[in-house]
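Chemist: This is the structure I have questions about; it appears just below.
The values are calculated or read from the model by the stated rules, or taken from the named source; none is laboratory data. Being a predicted model, the structure only gives us computed values, none of them experimental. Note that we place each Cβ from the backbone using ideal geometry, even for glycine, and neighbour counts take in every protein chain shown. Side chains are part of the model used for accessible areas, which takes the heavy atoms of the whole protein and leaves out ligands, DNA and RNA. Shrake-Rupley method; radii C 1.70, N 1.55, O 1.52, S 1.80 Å.
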Amino acid sequence: MQNGARIEYDYSVAKAFTFATILFGIIGMTIGVILAFQLAFPSLNNLAGEYGTFSRLRPLHTNGVAFGFTLSGIFATWYYVGQRVLKVSLKESPFLMTIAKLHFVLYFVTILLAVVTLFMGITTSKEYAELEWPLDILVVLWWVLWGISIFGLIGIRRERTLYISVWYYIAAFIAIAMLYLFNNMEVPTYFVSGGIGSWIHSVSMYSGTNDALVQWWYGHNAVAFVFTVPIIAMIYYFLPKESGQNVYSYKLSILAFWGLLFVYLWAGGHHLIYSTVPDWMQTMGSVMSVVLILPSWGSAINMLLTMKGEWQQLQTNTLIKFMILASTFYMLSTIEGPIQSIKSVNAIAHFTDWIPGHVHDGVLGWVVFMVMAALYHMAPRMYGREIYSKSLMDTQFWLQTTGIVLYFTSMWIAGITQGMMWRAYDEYGSLVYSFIDTVTVLHPYYTIRAVGGLLYLIGFFMFSYNMYKTATSGRILDKEPVNASPVAA
Amino acid sequence: MFHWLEQRPFFFAVFVFIFVAFAGIIEVIPDFAKQSRPTVGTKPYTVLELAGRNVYIKDSCNACHSQLIRPFKSETDRYGMYSLSGEYVYDRPFLWGSKRTGPDLHRVGNYRSTDWHENHMLDPKSVVPGSIMPAYPHMFTNIADLDSAYAEALTVKKVFNTPYDEDLNGDGKIDVKLGDYDSAIATAKEQAQAIANNMKNQKVKDAVANGQVPEIVALIAYLNSLK
């Protein structure tokens, strides 16, 4: 290629992952809404026999959203951003192209198998690591393929310095590889026992307290390196691109990056406060969770300040609205988490609905909003068409924002109510409430949460429809837009 | 320094790995080095209990019920003695849970009976009005997987030295007998028979009499063992 010539980026794999993001988003979030309604109206549990109960659907929901929707989004953006910031096209390397396609196919098959096995009740029960050992091996395979794709593209790059987003993709790749391998160490019982029982069954390598320790070291950091780090990679690329502004501070981005990597893994211990793991680990988890505010807010503030002097774009550009809302929710979530990690607060919050409330303001507000914004930004450039409808985008934005607010406010109230009722004593020193009192009192909040979730889901369907129409019948662009994604009226 | 790193992907990746792994090394390793010892009286699960534990896992009971009593008066009053690390040494995987949509179950064997569990699994509202737990009628017809449970017991015995077929208290008696496949399955069926005798569902009783163990029987064996 000659200097100055335009690079023809290849978006075929990015498009495939975009499709997967939308598909698994619909599946994962629909199941989530069903679960929310089941908690408010328990008779919905037994509509589909053993396969429709809360207990079977819950791991499907978490896996569907975390590893179906979010990972697809991460991969879709990687296959878009990676080429662009490294200034190479996948087309230039048939090898990397093959790897990328294989990555998609293997990934897609694994998620489908995950759906089938989880429906059947084949699970290891460890949260966010429910898949049994044969699927774990498949996961490792396509994770390695992704690694080859990352470092392969880096290897043939034309841009000497790695852009901030690439740092975050690398960190996500390395950390998840380490965490996933250690946490999923299992011994398949079929082989050790000489061929007795189910071949898919396994037993954890660790027992009891140690198992819990490894699980939450993993579990919390799955949040870190799936729901945080790669999403920061996205905002560092897409916000400056969309707004036409430079990242506010390069120094702050360095500080926030290395700070986040160093502190995040300590925080897993906050899931185990008042459990049977050693006290010093609980304290460490608690303290480090508070310290974690610094690097988290570092990135978020860096993003908000990127808009300095350009805030009018919030009114003119819907995508900026999506991204700024995402950054704001990131700040909310990363202050809420540390508060819950303080021992005295944790004593009330742990085991209650405040925890799913916290997870969801993070995931719905930060992760899903950012992924949707990224895909909206990519669509006109991948398909060469304007985004189909601006009014649909706006309606979606407000519908989903309302949904999130209903979700987290109801869960805050529910969680704190529950936590206070569990520990309430009367003047004779006996517990005031039986457990069931603390369940029935939550019915209104569960209903509000379900309605909030439903609004959010409707918004996601609008997003899916808008993306579909953009790809198939949006107005054709004659040249690639520089910033602000073009949106039809 | 950072400019230098940002142009060298290999060293960049190495640095990232060191930064990320550091906390894990300091946090996780010390506890592994100090092997957890069982609390006095803690025994490995029998094959039937393991089969029940796998039913518990299959239907994700742990998504709504914890098995971890925290050291607060409100919890010890409600559920019993707070949990100790040594009580979990035979738990692979651990089942502490992270959310209490329903109550804690770590000592449920102390205050609920076979009969109660049977009614509860078939129709939760019949014993706890206002319950939002789903009914699990399929547990009364699905057959528990004793083979996998035996394979699991044999695996933990071989690989992790879980003390099956051993005298744990020094009283000359074997505490939890595993034995070979045939005797282990036979023992599990005897235990299942003892539980089925306290149940009233005729189909379950018939199945057990015919040498099959429905999931509910195994699950109750497991829940009764939680003390």
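Chemist: Given R₀ = 41 Å, FRET efficiency for A:ILE148-A:SER391 by Cβ-Cβ distance, to 0.05? Each step should come with its number before you reach the end.
Modeler: Working: r = 43 Å, r/R0 = 1.04.
Calculated value: 0.45.
Chemist: Modelled label-to-label distance, A:THR472 and A:LYS101, 7 Å Cα→beta-carbon offset: nm?
Modeler: Distance between the two pseudo-spin positions: 2.5 nm.
Chemist: Mind putting a number on the dipole of the protein assembly as shown about its Cα centre? Charges go on the C-beta only, +1 for Lys and Arg and -1 for Asp and Glu, and I need it in Debye to the nearest 20.
Modeler: Working: 49 positive and 50 negative charges, 407 e Å.
So the magnitude is around 1960 debye.
Chemist: Which loop trypsin sites (Lys or Arg not before Pro) in region A:79-164, with loop taken from DSSP, have no more than 12 other Cβ atoms within 10 angstrom of their Cβ? Don't skip to the end; give the middle numbers.
Modeler: Values: sites: A:ARG84, A:LYS87, A:LYS91, A:LYS101, A:LYS126, A:ARG157, A:ARG158, A:ARG160; in loops: A:LYS87, A:LYS126, A:ARG157, A:ARG158, A:ARG160.
In loop regions of region A:79-164 (DSSP not H, G, I, E or B), the sparsely surrounded trypsin sites (Lys or Arg not before Pro) are A:ARG158, A:ARG160.
Chemist: Work through the residues other than A:GLN83 whose Cβ is under 14 Å from its Cβ and net out their charges, Lys, Arg +1 and Asp, Glu -1.
Modeler: Numbers: positive: A:ARG6, A:LYS15, A:ARG84, A:LYS87, A:LYS91, A:ARG157, A:ARG158, A:LYS241, A:ARG381; negative: A:GLU8, A:ASP10, A:GLU92, A:GLU159, A:GLU480.
Local net charge: +4.
Chemist: Taking region A:240-342, which GluC sites (Glu not before Pro) meet the DSSP loop condition and have no more than 15 other C-beta atoms within 10 Å? Please report the intermediate quantities before stating the final value.
Modeler: Values: sites: A:GLU242, A:GLU310, A:GLU336; in loops: A:GLU310.
Counting only loop positions with at most 15 other Cβ atoms within 10 Å, the GluC sites (Glu not before Pro) in region A:240-342 are A:GLU310.
Chemist: Rounded, prolate or oblate: which fits region A:329-413, taking a ≥ b ≥ c as square roots of the Cα gyration tensor eigenvalues, rounded meaning a/c under 1.5, else prolate when a/b beats b/c?
Modeler: Judged from the Cα gyration tensor, region A:329-413 comes out prolate (a/c at least 1.5, a/b above b/c).
Chemist: On a 0 to 90° scale, report how tilted helix A:133-155 is relative to the longest principal axis of chain A, with both axes built from alpha carbons and the result rounded to the nearest 10.
Modeler: 30
Chemist: Something else: What does the highest-first list of A:359-372, B:10-23, B:170-183 look like by mean Cβ count within 10 Å? Please list the in-between numbers first.
Modeler: Details: A:359-372: 25.1, B:10-23: 17.1, B:170-183: 12.4.
The peptides rank, most packed first, as A:359-372, B:10-23, B:170-183.
Chemist: What does the charge add up to near A:THR117, with Lys and Arg as +1, Asp and Glu as -1, over the other residues with Cβ less than 13 Å from its Cβ? Mind showing how you got there, number by number?
Modeler: On the way: positive: A:ARG56, B:LYS58; negative: A:GLU130, A:GLU132, A:ASP136.
In short, -1.
Chemist: Related question: Listed highest first by mean packing, meaning other Cβ atoms within 10 Å per residue, what order do A:430-438, A:449-457, A:22-30, B:147-155 come in?
Modeler: Values: A:430-438: 15.0, A:449-457: 22.7, A:22-30: 20.9, B:147-155: 25.4.
In decreasing order of mean packing, A:430-438, A:449-457, A:22-30, B:147-155 become B:147-155, A:449-457, A:22-30, A:430-438.
Chemist: Probe radius 1.4 Å, ligands and nucleic acids left out: can you give me the accessible area buried at the B-A interface, summed over both chains, in Å² to the nearest hundred? Walk me through the intermediate numbers first.
Modeler: On the way: alone 13700 and 20820 Å², together 26790 Å².
By this definition, chains B and A bury close to 7700 Å².
Chemist: Taking the Cα centroid of region A:422-489 and of region B:1-62, what is the distance between the two, rounded to the nearest whole Å?
Modeler: Rounded to whole Å, the Cα centres lie 32 Å apart.
Chemist: Same structure, new question: Using a 7 Å offset from the Cα along the Cα-to-Cβ direction at both B:PHE2 and A:ILE137, what is the distance between the two label points in nm, to one decimal?
Modeler: Reported label-point gap for B:PHE2 and A:ILE137 is 4.3 nm.
Chemist: Let me ask something else. Taking Cα atoms, how many degrees apart are the long axis of helix A:71-86 and the longest axis of chain A, rounded to 10 and kept between 0 and 90?
Modeler: Around 30 degrees separate the two axes.
Chemist: So which residues in region A:181-203 end up with at least 50 square angstrom less accessible surface once the other protein chains are there, compared with the chain by itself, probe 1.4 angstrom?
Modeler: A:VAL192, A:ILE196, A:HIS201, A:VAL203
Chemist: Using a/c under 1.5 as the rounded threshold, could you call region B:47-225 rounded, prolate or oblate? The axes a ≥ b ≥ c are square roots of the C-alpha gyration tensor eigenvalues, and prolate needs a/b larger than b/c, oblate otherwise.
Modeler: On the way: a/c = 1.83, a/b = 1.11, b/c = 1.65.
Cα axes put region B:47-225 in the oblate bin.
Chemist: Per residue and in Å³, how big is the convex hull formed by the alpha-carbon atoms of chain A? It would help to have the intermediate numbers written out before the result.
Modeler: Details: hull volume 79.8 nm³, N = 489.
Convex hull volume per residue, Cα atoms: 163 Å³.
Chemist: Using a 10 Å cut-off around each Cβ of peptide B:137-146, what is the average number of partner chain Cβ atoms that fall inside?
Modeler: Numbers: counts 3, 6, 1, 0, 1, 2, 0, 0, 3, 2.
That works out to 2 on average.
Chemist: Run the helix sum for chain B: -39,500 (n - 2.57) per DSSP H stretch of 4+ residues, divided by residue count, reported at 222 nm to the nearest 500 deg cm²/dmol.
Modeler: Working: 10 runs with 113 residues, N = 227.
Roughly -15000 deg cm²/dmol at 222 nm, from the helical runs in chain B.
Chemist: Specify the angular offset, from 0 to 90 degrees and rounded to the nearest 10, of the alpha carbon long axis of helix B:146-160 from the longest principal axis of the alpha carbons in chain B.
Modeler: In chain B, helix B:146-160 runs at an angle near 40 degrees to the longest axis.
Chemist: Here's another thing I want to ask about it. What do you get for trypsin sites (Lys or Arg not before Pro) in region B:1-60 restricted to DSSP loop and a cutoff of at most 14 other Cβ within 10 Å of the site's Cβ? All intermediate terms of the calculation are to be shown ahead of the outcome.
Modeler: Numbers: sites: B:LYS34, B:ARG53, B:LYS58; in loops: B:LYS34.
Hits after loop and neighbour filter: B:LYS34.
Chemist: Could you report region B:47-225's accessible area per residue, 1.4 Å probe, as an integer in Å²? Can you show the working numbers first?
Modeler: Details: 6830 Å² over 179 residues.
The answer is 38 Å² per residue.
Chemist: Alpha carbon centre of region A:225-304 versus region B:79-109: separation in Å?
Modeler: 32
Chemist: Region A:423-461: which residues show an accessible-area loss of 30 Å² or more, assembly versus chain alone, 1.4 Å probe?
Modeler: SASA drop of 30 Å² or more in region A:423-461: A:TYR425, A:LEU431, A:PHE435, A:ILE436, A:VAL439.
Chemist: In whole percent, how big is the carbon plus sulfur part of the accessible area of chain A, probe 1.4 Å, protein atoms only? Walk me through the intermediate numbers first.
Modeler: Values: 11840 of 16980 Å².
C and S atoms contribute 70 percent here.
Chemist: Same structure again: On a full-extension model of 0.36 nm per residue, what is the gain between A:SER12 and A:THR161, subtracting their alpha-carbon distance, rounded to one decimal in nm?
Modeler: Working: separation 149, 0.36 × 149 = 53.64 nm, distance 2.58 nm.
Full extension from A:SER12 to A:THR161 adds 51.1 nm.
Chemist: Considering only protein heavy atoms, what per residue accessible area in square angstrom results for region A:1-60 with a 1.4 angstrom probe? Before the final figure, lay out each step's value.
Modeler: Values: 2600 Å² over 60 residues.
Per residue, region A:1-60 has an accessible area of 43 Å².
Chemist: Between A:PHE191 and A:TRP311, what length comes free when the chain is fully extended (0.36 nm per residue of separation minus the Cα-Cα distance, one decimal in nm)?
Modeler: 37.0 nm
Chemist: Determine the calculated [θ] at 222 nm for chain A from helices alone, applying -39500 (n - 2.57) to every DSSP H run no shorter than 4 residues and normalising by the residue count; nearest 500 deg cm²/dmol.
Modeler: Numbers: 20 runs with 327 residues, N = 489.
Result for chain A, helices only: -22500 deg cm²/dmol.
Chemist: First measure r as the distance between the Cβ atoms of A:MET120 and B:ASN161, then evaluate 1/(1 + (r/R0)^6) with R0 = 25 Å and state the FRET efficiency to the nearest 0.05. Intermediate values should be presented prior to the final figure.
Modeler: Numbers: r = 32 Å, r/R0 = 1.28.
Once the sixth-power term is evaluated, E becomes 0.20.
Chemist: 7 Å from Cα along Cα→Cβ at both A:ILE458 and A:TYR51: what's the point-to-point distance in nm?
Modeler: 2.9
Chemist: I would also like to ask the following. When Lys and Arg each count +1 and Asp and Glu each count -1, what net charge do the other residues less than 10 Å away from A:THR409, Cβ to Cβ, add up to?
Modeler: Numbers: positive: A:ARG449; negative: A:ASP361.
Once positives and negatives cancel, what remains is 0.
Chemist: Quick check: Cα centre of region B:199-221 to Cα centre of region A:329-381, how many Å?
Modeler: 45
Chemist: Could I ask something else about it? Over region A:382-489, what is the relative contact order in whole percent, taking alpha-carbon pairs under 8 Å and six or more residues apart? List each step's numbers first, then the result.
Modeler: Details: 125 pairs, mean separation 60.8, N = 108.
Relative CO of region A:382-489 lands at 56 percent.
Chemist: Let me ask something else. Mind listing the long-range amide H neighbours of A:SER202? Cut-off is under 5 Å, sequence gap 5 or more, other chains count too, H placed in the peptide plane at 1.01 Å from N.
Modeler: A:THR189
Chemist: Shifting gears a bit: Determine the alpha carbon to alpha carbon distance for each of A:LYS101/A:LYS241; A:LYS390/A:LYS469; B:LYS99/B:LYS203; B:LYS43/B:LYS173 and list only those over 23 Å. Present the calculation step by step, with values, prior to reporting the outcome.
Modeler: Working: A:LYS101/A:LYS241 27 Å; A:LYS390/A:LYS469 12 Å; B:LYS99/B:LYS203 34 Å; B:LYS43/B:LYS173 13 Å.
Flagged as over cut-off: A:LYS101/A:LYS241; B:LYS99/B:LYS203.
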